[in-house]
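No value in this document is a laboratory result; all are computed from the given coordinates. For clarity, every value in this text was computed on a predicted model and none was experimentally measured. Backbone-built Cβ (ideal geometry, glycine too); neighbour counts: all protein chains shown.
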Amino acid sequence: MFTLIPEDIEAYCESHSTQPDSVLQELYRETNLKTVRPRMISGHSQGLFLEMISRLIRPKRVLELGTFTAYTTICLAKGLDKNGRIYTIEENPELSPIITKYLKKEKISSKTKLLIGNALTLIPSLHEYWDIIYIDADKINYLNYYKMLLPLLNNNGIILVDNVLWGGKISKEIKHSDKDTKAISAFNEYVQNDKGVRNLLLPLRDGMMMIQKIHQ
């Protein structure tokens, strides 16, 4: 798992936090054994943070962009309202078997709608308003996702966006050819200057932006 926090501090924090359940531990191991880029998994600290946010909000509708192997899907689902549902969008169809396997193991298949394809195309077809939106998909489109989804965020809802520190590159001079870092920088600046939201950038793992829409 990638983190900007020193490894000894990260280990100490994780050892003094509620431990993940057996399904998440198994999923974490299998992701590291069987996927090409296992560092994309959220892991213990970030997963627990998302779970706690979900348990506080008790969402009826959650939207996740970037399922990967469903670690965060499971964490976010732990706080769902009794009749709540999480929609999760993954572009890579090859990940479907491991996703569906662990949704079944966690017994949340009935509360989860897995969509395979392009998020920008799929989002308008959902016709939902969201209590929690979690964005961890292609970085180039972060700002496009934000502009599309902010109007669909319910009152007291929250948008959470991963990788906004991008390995620490965000605070350094950005190379002209580095499109991902430029896109993340543009997103961060846009949110910071958006008078319609409150936002907090946390140095959790690779950076997590929390965004709450201000009541108008």
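Give me the lysines in straight-line cross-link reach of Lys179: C-alpha distance below 28 Å, same-chain residues under 8 apart excluded.
Lys139, Lys147, Lys169, Lys195, Lys213
At 37 °C and a viscosity of 0.692 mPa s, what translational diffusion coefficient does Stokes-Einstein give for segment 1-111, taking Rh as the Kirkwood radius over Cα pairs? Give it in µm²/s as a whole number.
The estimated diffusion coefficient comes to 228 µm²/s.
Each residue of segment 19-34 in order: what ³J(HN,Hα) in whole Hz does its phi give by Karplus 6.51 cos²θ - 1.76 cosθ + 1.60, θ = phi - 60°, with x for Gly and Pro?
So the Karplus estimates, Gly and Pro as x, are 7, x, 6, 5, 5, 5, 5, 5, 4, 4, 5, 5, 4, 5, 7, 10 Hz.
Could you identify which residue out of Asp81, Asp21, Asp162 has the top mean-square fluctuation in a GNM of the chain using Cα springs shorter than 10 Å?
Of the options given, Asp21 has the highest mean-square fluctuation.
Report the Cα centroid-to-centroid distance between segment 151-186 and segment 1-72 in angstrom, as an integer.
19 Å
Taking the number of other C-beta atoms within 10 Å as the exposure measure, put Ser109, Ser185 in order starting with the fewest.
The most exposed by this proxy come first: Ser109, Ser185.
Under 5 Å between amide H atoms, partner at least 5 residues away or on a different chain: which partners does Val197 have, H built in plane at 1.01 Å?
Residues meeting the amide H criterion: Ile214.
Once every DSSP H run of n ≥ 4 in the chain is given -39500 (n - 2.57) and the sum is divided by its residues, what mean residue ellipticity at 222 nm do you get, rounded to the nearest 500 deg cm²/dmol?
Dividing the helical sum by the residues of the chain leaves -10500 deg cm²/dmol.
Under a GNM of the chain (C-alpha, springs under 10 Å), which listed residue has the highest mean-square fluctuation: Ile99, Ile135, Ile174?
Maximum fluctuation in the GNM of the chain, among the listed residues, is at Ile174.
Out of residues 5 or more away from Leu153 or on other chains, whose amide H comes under 5 Å of its own, with H placed 1.01 Å from N in the peptide plane?
Distant-sequence amide H within range of Leu153: Trp130.
Tabulate in residue order the Karplus-calculated ³J(HN,Hα) for segment 162-175, using 6.51 cos²θ - 1.76 cosθ + 1.60 with θ = phi - 60°, rounded to whole Hz; enter x for Gly and Pro.
Ordered by residue, 3J(HN,Hα) equals 8, 6, 7, 9, 6, x, x, 5, 5, 9, 10, 5, 8, 5 Hz.
Would you list the P(r) distribution for segment 7-213, with all Cα-Cα distances sorted into 10 Å bins from 0 and each bin expressed as a whole %?
Result returned by the calculation: 8, 35, 39, 16, 1.
Let me check I've understood the local charge: for Lys107, count other residues with C-beta under 15 angstrom from its C-beta, Lys and Arg +1, Asp and Glu -1. What total comes out?
+4
Under 5 Å between amide H atoms, partner at least 5 residues away or on a different chain: which partners does Arg61 have, H built in plane at 1.01 Å?
Arg85, Asp131, Ile132
Only Cα pairs within less than 10 Å get springs; with that Gaussian network setup on the chain, which residue of Ser45, Ser125, Ser15 has the largest fluctuation?
Ser125
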